[in-house]
């Protein structure tokens, strides 16, 4: 098992990509703190992991609340004895043209994605630095590199996450802590599926054209990236044995963006 003995904290793990990562980690031997603002979702993920023979705990966590993040990470460390891997995955999507994008919505999205990553990092390195090891994994996006219409907040946040991860690679190196970013293309999750009619309405095009032209038009094969694809990259980064791979981004996007 690639992650035998590893303890991972995964946010947004009650559904979607976060759940896929948590379950993949558990299959590879990790013990997982399943963190989500949706407590029922977190418990459902834990139930699935335990049913498959893994070990996990559910932690109710609002990643924009510093006290909740600190308490949740400390609880995971106390329960499992250490923190080896952080996956900052919690996120939402809001799409509007800039002239219709309220500042409140802009701040909400950026706060969850970027501020949440910052707070989770602070909480996790308190445990990683003394043990002189750890892997910080951030969920970026192809939009960490590429822009798309209607996504001013999301693109800004994902660019910011890439910068945060690179800073943490430099700061964490002397402590044996590496930091990397996963930058997927479009993954067919409920979050993405909700965007299809929203973008169709905003752009004035049919829904199938949103998929074929906007979402998958720049891929090499007109295929969505899968949650399993992303989870496999997360397992690889969590289990990588040295600081040789730090400050980097991996882009599972069917060729939409090539680094």
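The values are calculated or read from the model by the stated rules, or taken from the named source; none is laboratory data. None of the values given here were measured: they were computed from a predicted structure. No Cβ is skipped: glycine too gets one built from the backbone with ideal geometry, and neighbour counts run over all protein chains shown.
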* Is the stretch 176-188 home to any residue that is at pLDDT below 95, under 27 Å from residue 6 (Cα atoms) and buried (at least 16 other Cβ atoms within 10 Å of the Cβ)? -> yes
* Can you confirm whether the stretch 13-22 contains a residue that is surrounded by fewer than 24 Cβ atoms within 10 Å (Cβ to Cβ) and free of Cβ contacts under 8 Å to residues at least 40 places away in the same chain? => no
* Unique residue being under 30 Å from residue 204 (Cβ atoms) and in the same structural domain as residue 139 (by TED's automatic domain parsing) when the list is 59, 94 -> 94
* Asked: residue 207 versus (1) under 20 Å from residue 113 (Cβ atoms); (2) outside the structural domain of residue 69 (by TED's automatic domain parsing): which is the lone unmet condition?
  -> (1)
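Does residue 63 satisfy the condition of being touching a strand residue (DSSP E or B) at 6+ places or on another chain (Cβ under 8 Å), more than 27 Å from residue 152 (Cα to Cα), crowded, with 23+ Cβ neighbours inside 10 Å and in contact (Cβ under 8 Å) with a residue 40 or more places away in the chain? Lay out the reasoning, then the answer.
Working: touching a strand residue (DSSP E or B) at 6+ places or on another chain (Cβ under 8 Å): yes; more than 27 Å from residue 152 (Cα to Cα): no; crowded, with 23+ Cβ neighbours inside 10 Å: yes; in contact (Cβ under 8 Å) with a residue 40 or more places away in the chain: yes.
No.
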* **residue 9 vs. criteria touching a strand residue (DSSP E or B) at 6+ places or on another chain (Cβ under 9 Å), part of a strand (DSSP E or B) and at pLDDT 95 or above** => yes
* Single residue of the stretch 89-111 satisfying the filter (under 13 Å from the mean Cα position of the chain (by Cα) and crowded, with 21+ Cβ neighbours inside 10 Å) that is farthest from residue 235 (Cα to Cα) -> 91
* Scan the stretch 216-251 for residues that are in contact with a strand residue (DSSP E or B) (Cβ under 6 Å, 6 or more places away or on another chain) and more than 22 Å from residue 9 (Cβ to Cβ) and jot them down. => 225
* Of the residues in the stretch 125-147, how many are surrounded by fewer than 16 Cβ atoms within 10 Å (Cβ to Cβ) and either in contact with a helix residue (DSSP H, G or I) (Cβ under 7 Å, 6 or more places away or on another chain) or at pLDDT below 95 (or both)? -> 2
* To do: Give 219, 246 a once-over and let me know the one that is part of a loop (DSSP other than H, G, I, E, B) and assigned by TED's automatic domain parsing to the domain that holds residue 18.
  => 246
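For the structure I just gave you, tell me whether residue 167 is within 26 Å of residue 25 (Cβ to Cβ), assigned by TED's automatic domain parsing to the domain that holds residue 97 and free of Cβ contacts under 8 Å to residues at least 24 places away in the same chain.
yes
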* Restricting attention to the stretch 33-71, and to residues there that are closer than 22 Å to residue 117 by Cα and assigned to a loop (DSSP other than H, G, I, E, B), which single residue is nearest to the chain's Cα centre (by Cα)? -> 63
* To do: Have a look at 202, 212 and point out the one that is over 24 Å from the mean Cα position of the chain (by Cα), touching a residue at least 12 places away in the same chain (Cβ under 8 Å) and over 21 Å from residue 144 (Cβ atoms).
  => 202
